[in-house]
Each structure stands twice: as structure tokens, then as C-alpha cells.
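I have placed the structure first, in the form of C-alpha cells, so that the comments after it can refer back to it.
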Amino acid sequence: SQTIHQWPATLVQPVGSPLSLECTVEGTSNPNLYWYRQAAGRGLQLLFYSVGIGQISSEVPQNLSASRPQDRQFILSSKKLLLSDSGFYLCAWSSGTGSFYGYTFGSGTRLTVV
Amino acid sequence: KQEVTQIPAALSVPEGENLVLNCSFTDSAIYNLQWFRQDPGKGLTSLLLIQSSQREQTSGRLNASLDKSSGRSTLYIAASQPGDSATYLCAVRPSINPQETSGSRLTFGEGTQLTVNP
């Protein structure tokens, strides 16, 4: 069966520090991968998606970047965090074609920038 | 641009009630619609997935319907329990060409925060 792992679960970082959040998927190959952010009291905002290794599309201009060094690994990064980067970050995957089975989300990372 | 609206934003009911959560979307050209549950501070758990060709899906006390032409979906929860308290989100996926590589992004509603009181 397919599983998705996301870590860390919580993170408190000072302004200006770097960020690296990691997401891995098991039990499938060539998944579509996504990073979402959920700010307090707001809906989910798609940040990045990837349809293959090294293929990253950004949805909104921001202080963050994403990379996909391996088929089932998706990394969200920042060189210098801003206060506005605080939020709940969710990784998700769907099958590469058709997505007949929908999306599956990870357990999320609560990031607080202080 | 697809927009998804969920009504009501919040709902508080006594235990045992049957309830309906509503989701509407502006573009009926969807591939499927998915209902999720989110507990505070947690990720999203998929509840039901309805393909565009389907009218409804059922899982236990949950039933989701889809009327694609009118841009509506409802999530029906029977005999609600305190453990059903959570935020419920609906999300639609656009119809895509199978060769398209856009990643088939979901558009989410803002969610309905449900509280079931014992």
C-alpha cells in the first residue's frame, strides 16, 4: 500500500534562518507531488507541484523553493525565513496519470517563524 | 478560474443529528470531487472520492452526492457523534487531457468546521 511521510511535525525557526521540509512517498512510482500551505483560519494554498524528477512548477511568487531529487522525494526549502512563512505545510501525492484514486496527504508540518 | 464554496462555515449540532454539508463549484468541468476531514493540527484524511461520472459514494455513516451540472456536492453525515467533530473540506480536480502535465491541481473550499456536542 502507498504511504506518505512528512517531517518534522513541528518546527520553530528564527527569522532569517534556512528551512528544509521533506516528504517521501512509498509504494508507488512516478507520483505527482504537491506542497500546500494552510495559514491560520484560511484555506489551502498550492505552493508547488511536480510531475517528475527535477520538474517543479510554482503557483505563487514567494520566499520558498522546492526540489525533487528523487522520484518519491519532495523537499520544500528557504534560504531565509520570513515571519509570513509561518503556517501549516502539507505534502500530498496523486497518481501520475488519471488520479482516479484522488489525493493523499501527509500529516503536515507546523512551522512557526519567530 | 474554479472557485469552491462551502456552506456553512461552521456548524454546531447535538449528538445523534443527521446533517448536511454543502459544497459548490463554479466550473462544472471537473474530473472528480474529494471530501476530506481535518482534525486540529493534523493533515487531511480522505473520506470519499466521487468521479465525475458518478452520482454518489457511501462509506459507513457518510454519503456524498455530486450534481456536476449544477456545480454542487453534499456530504451527509448520519447519526452524528462527538468524534465527527472536525473541519470538512471539499476539493475538485479539473478535467484534464491525459497527456497534460499540469499536475492535476485540486481547488479547495474553505471548509466547514463541525462540532458535535455530547
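The values are calculated or read from the model by the stated rules, or taken from the named source; none is laboratory data. Here the structure is a predicted model, which is why all the values come from computation and not from measurement. Heads up, the Cβs are rebuilt from the backbone with ideal geometry, glycines too, and the neighbour counts pull from every protein chain shown. Side chains are part of the model used for accessible areas, which takes the heavy atoms of the whole protein and leaves out ligands, DNA and RNA. Shrake-Rupley method; radii C 1.70, N 1.55, O 1.52, S 1.80 Å.
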Exercise for review: Check A:GLY106, A:GLY87 and return the single one that is within 14 Å of chain B (Cβ to nearest Cβ), closer than 27 Å to B:TYR31 by Cα and either touching a Gly at 6+ places or on another chain (Cβ under 8 Å) or modelled with pLDDT under 95 (or both).
Suggested key: A:GLY106
Practice item. Give the residues of the stretch A:28-65 that are more than 9 Å from chain B (Cβ to nearest Cβ), open to solvent by less than 50 Å² (accessible area, probe 1.4 Å) and under 16 Å from A:SER94 (Cβ atoms), sorted by residue number. Key: A:THR28, A:PRO31, A:TRP35, A:LEU47, A:PHE48
Revision key, fill the gap. Only one of B:SER70, B:SER46, B:SER65, B:SER80 is in a loop (DSSP other than H, G, I, E, B), at negative phi and touching a strand residue (DSSP E or B) at 6+ places or on another chain (Cβ under 8 Å), namely B:SER80
Review point. Here are A:THR97, A:THR24: which of them is under 30 Å from B:GLN51 (Cβ atoms) and at pLDDT below 95?
Key: A:THR97
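Conditions tested, residue by residue: (1) more than 17 Å from B:THR107 (Cβ to Cβ); (2) open to solvent by 20 Å² or more (accessible area, probe 1.4 Å); (3) acidic (Asp, Glu); (4) within 12 Å of chain A (Cβ to nearest Cβ).
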{"site": "B:ILE7", "(1), (2), (3), (4)": "no, yes, no, no"}
{"site": "B:VAL13", "(1), (2), (3), (4)": "yes, no, no, no"}
{"site": "B:LEU33", "(1), (2), (3), (4)": "no, no, no, yes"}
{"site": "B:ASP67", "(1), (2), (3), (4)": "yes, yes, yes, no"}
**Study point:** Residue check, B:LEU44 among the hydrophobic types (A, V, I, L, M, F, W, C) and crowded, with 18+ Cβ neighbours inside 10 Å
**Key:** yes
Review point. When you go through (1) open to solvent by less than 70 Å² (accessible area, probe 1.4 Å); (2) out of contact with any helix residue (DSSP H, G or I) (no Cβ under 7 Å at 6 or more places or on another chain); (3) away from chain A (no Cβ under 14 Å) one by one for B:SER95, which number turns out not to apply?
Key: (3)
Check your understanding: Looking at the stretch A:2-18, which of its residues are more than 12 Å from the chain's Cα centre (by Cα) and either away from chain B (no Cβ under 11 Å) or more than 11 Å from A:ARG110 (Cα to Cα) (or both)?
Key -> A:GLN2, A:THR3, A:LEU11, A:VAL12, A:GLN13, A:PRO14, A:VAL15, A:GLY16, A:SER17, A:PRO18
